[in-house]
Amino acid sequence: MSTSDNHEAAVSGADDTIAQFEDTRTGLVGRIQNRLHQTPSLVPLIVLLFSVILFGILLGSRFCSPFALTLILQQVQIVGVLAAAQTLIILTAGIDLSVGAIAVLCTVVMGKATFSYGIPPAISVSIGITVGTTLGAISGWLVSRMKLPPFIVTLGMWQIVLAANYLYSSNETIRSQDIEAEAAFLQFLGTKLQLGGATFTLGVVLMIVLFIGLAYALRSTAWGRHVYAVGDDPEAAQLSGVDVHKTYMSVYMAAGCICGLAGWVMIGRFGSISPSATTGVIGNIQAITAVVIGGISLFGGRGSIAGALFGALIVGVFELGLRMAGADPQWTFMLIGLLIIAAVAVDQWIREVAA
């Protein structure tokens, strides 16, 4: 037998060193870029800490008091919950322009079910959340089965839901006094908790628990891996055995369910129920803003749910800090706009690592 045919001898004499790819990211900048690629939420966390320190230096104890810092959490609880729903959609390389309108419709459904149909408040909340989940399922089916662009589907859904808000409610507002007297459970998430000098609401607690639960699901379950895979490349995910349709449907239904929870948080925060609540119009943009600033890629498949929470908190810090400093509110919009552009630019720079 020739040496060339003696495969066992050739294998036994082969180099057993494991193949490695050469790391071309040298220097401090390259290491930073690689670290940010591995931990997408690191950038918004740094920006958040920097913002708190900056306003703490400028405003002193007025800003750094437990009451002021927990007030930020109370102010962003609605946007934070909506940002959680928006994150799931964006991770699949989509975008949802209807999250705010769906949340408002869910509040209207909860109020009408209780005050017009005499349904117990706890069941009314469940009905509202079910409506949100159903609307999410409709959007998911149109995106997955009909292959319609998520932007177009949710833009249309936004308009439909806004109209449904006014038509179904007859443009009537349910006052907070009536809710408090007859259906206090609808305001349950507005219950305040005192911890030292800090003031929390159950809505804030729900927001934090929601983010912790989604962080675990996205990081440690097969469903979470499928979400990232579909967002990165749905065709490759399909070939690898992922049920793309099922993943899309689960994501959009989960987002709709979270919008229902956001509606319940809205009632606790505002006290009343109004079809003309501004969240229906600007809640979508606020949620997208939090997600983008939070370092979640609009191209899908990359980002951390924690980043969306950090993004919402960054906006809350700037809004409260500038208001306490007596600055013109327009400065808030300008700085948030700069943060959005900077966040996308950083995302593009970080994506070069994977190129």
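Annotations for the structure displayed:
- Restricting the range 309-351 to residues that are touching a Ser or Thr at 6+ places or on another chain (Cβ under 7 Å) and among the aliphatic types (A, V, I, L, M), the residue that is nearest to Ile212 (Cα to Cα) is Ile314.
- Residue match in the range 145-157 (condition: surrounded by 21 or more Cβ atoms within 10 Å (Cβ to Cβ) and free of Cβ contacts under 8 Å to residues at least 24 places away in the same chain): yes
- Only one of the listed residues (Gly241, Gly300) is within 19 Å of Pro149 (Cα to Cα) and at pLDDT below 95. That residue is Gly300.
- Per-region count, the range 277-305, residues within 14 Å of Val76 (Cβ to Cβ) and either among the hydroxyl-bearing types (Ser, Thr, Tyr) or touching a Ser or Thr at 6+ places or on another chain (Cβ under 6 Å) (or both): 3
- No other residue among Asp96, Asp178 is closer than 30 Å to Gly295 by Cβ and of a type in the set (Asp, Glu) apart from Asp96.
- Consider the range 120-144 and keep the residues that are among the aliphatic types (A, V, I, L, M) and within 24 Å of Ala237 (Cα to Cα). The one that is surrounded by the most Cβ atoms within 10 Å (Cβ to Cβ) is Val143.
- One residue stands out among those in the range 217-229 that are touching a Gly at 6+ places or on another chain (Cβ under 8 Å) and within 14 Å of Thr87 (Cβ to Cβ): the one that is most open to solvent (accessible area, probe 1.4 Å), which is Tyr228.
- Within the range 174-216, the set of residues being polar (S, T, N, Q) and open to solvent by 80 Å² or more (accessible area, probe 1.4 Å) comprises Gln177, Gln194.
- With respect to the conditions (1) surrounded by fewer than 16 Cβ atoms within 10 Å (Cβ to Cβ); (2) of a type in the set (Lys, Arg); (3) outside any helix (DSSP H, G or I), Arg323 lacks only one, and its number is (3).
- Residue selected from the range 70-96 under the condition within 22 Å of Asp347 (Cβ to Cβ) and surrounded by fewer than 24 Cβ atoms within 10 Å (Cβ to Cβ), by the criterion nearest to the chain's Cα centre (by Cα): Ile95
- Selection status of Gln33, of a type in the set (S, T, N, Q), surrounded by 14 or more Cβ atoms within 10 Å (Cβ to Cβ) and either under 22 Å from Ile341 (Cα atoms) or at pLDDT 70 or above (or both): yes
- Residue check, Gly307 of a type outside the set (Asp, Glu), modelled with pLDDT under 90, in contact with a Leu (Cβ under 9 Å, 6 or more places away or on another chain) and surrounded by 20 or more Cβ atoms within 10 Å (Cβ to Cβ): no
The values are calculated or read from the model by the stated rules, or taken from the named source; none is laboratory data. Because the structure is predicted, anything quoted here is derived from the model rather than measured. Don't worry about glycine lacking a Cβ; one is built from the backbone with ideal geometry, like all the others, and counts go over all protein chains shown. SASA here: full protein model, heavy atoms, side chains in, ligands and nucleic acids out. Shrake-Rupley method; radii C 1.70, N 1.55, O 1.52, S 1.80 Å.
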